[in-house]
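In what follows, a single structure is set out as structure tokens and then discussed.
Rule-based calculations on the coordinates, nothing more; no lab input. Please read all numbers here as calculations on a predicted model, not as lab measurements. Because the Cβ atoms are built from the backbone with ideal geometry, glycine has one as well, and the counts that use them run over all protein chains shown.
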């Protein structure tokens with residue numbers, strides 16, 4: 001079956017870059033997503049990448065996809081305290097519902 | 001509506017009682033999903049509705065859990081004879097089509113005492 005794994009915690013200083021990593025097992029994934037969850041809130045879609053791409057940039061966010069290694073990363077440039085949240089990666093295969101990782105808690109220190 | 005609406009936002013129930021959780025998806029979104037998020041855990045898929053197709057119930061953890069979607073819009077997740085391990089945040093999401101990104105509601109926090 002499919003599995004998505006993430007490290008649990010990342011701490012960075014304000015102004016530094018953050019890199020959140022994710023690995024997945026299903027080689028037939030079509031789309032990969034990054035969601036952000038702030039305390040007490042639902043998940044907010046940040047960005048997504050189609051599986052035939054290897055990079056996507058959107059303002060301070062850069063997504064890198066290594067399909068051979070089934071590795072996805074999210075880089076946040078110039079990390080701010082407002083970026084503190086839990087970040088989930090998710091993969092989609094066919095018409096199945098998204099499979100989510102367990103989330104990475106990003107702590108930004110002033 | 002403007003977003004996905006879930007009610008109630010918080011529910012405390014006694015062990016053994018039944019509960020109903022409601023989800024109002026975005027108007028026009030054909031796909032609706034229920035997930036469960038336990039403390040410190042990721043999202044566990046429960047059930048998925050797509051248009052008039054039979055729902056994908058493969059994630060429901062036991063036969064105490066059921067869901068329906070009336071008129072292709074509002075969905076209700078029912079948990080019968082609740083147990084303490086059912087305590088979690090139940091999240092609903094909808095999407096315009098199965099390939100689209102999901103819009104999540106704020107969730108219902110269920111506490112079974």
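Under a GNM of chain B (C-alpha, springs under 10 Å), which listed residue has the highest mean-square fluctuation: B:99, B:68, B:20?
Of B:99, B:68, B:20, the Gaussian network model singles out B:99 as fluctuating most.
Of all the Cα-Cα pairs you can form in the protein assembly as shown, what percent are over 29 Å apart?
27
What distance in nm separates the simple spin-label points at residue A:17 and residue A:57, each placed 7 Å from Cα in the Cβ direction?
Going by the 7 Å Cα→Cβ label model, 1.0 nm.
In percent, what relative contact order does chain B have, based on Cα pairs under 8 Å that are 6 or more apart in sequence?
38
With label points built 7 Å along Cα→Cβ from the Cα atoms of residue A:9 and residue B:12, find their separation and express it in nm.
2.9
With chain A treated as a Gaussian network of Cα nodes joined by springs under 10 Å, which of A:46, A:65, A:32 yields the largest mean-square fluctuation?
A:46
Using a simple spin-label model with points 7 Å from Cα along the Cα→Cβ vector, what separation in nm is obtained for residue B:53 and residue B:73?
2.3
Distance between Cα centroids, the range A:36-96 to the range B:28-93: provide it in whole Å.
24
Relative contact order (percent) for the range B:26-71, with alpha-carbon contacts under 8 angstrom and 6 or more residues of separation?
Worked out over the range B:26-71, it gives 27 percent.
Can you list, bin by bin at 10 Å, the percent of alpha carbon pairs in the range A:15-101, starting at 0?
Computed distribution, short to long bins: 17, 52, 27, 4.
With contacts defined as alpha carbon pairs under 8 Å and 6 or more residues apart, what's the relative contact order of chain A in percent?
Averaging sequence separation for qualifying contacts and normalising by length gives 38 percent for chain A.
What is the projected area of the convex hull of the Cα atoms of the range A:30-69, averaged over all directions, in nm²?
3.5
Across every pair of different alpha-carbon atoms, what Kirkwood hydrodynamic radius in Å does chain B reach?
14.0
When chain B is treated as a GNM, springs tying every alpha-carbon pair under 10 Å, which of B:35, B:102, B:48 comes out with the largest mean-square fluctuation?
Highest fluctuation of the listed residues: B:102.
For a label point 7 Å from the Cα of residue B:113 along Cα→C-beta, name the residues of the range B:57-84 whose backbone N is under 20 Å from it.
Backbone N within reach: B:79-84.
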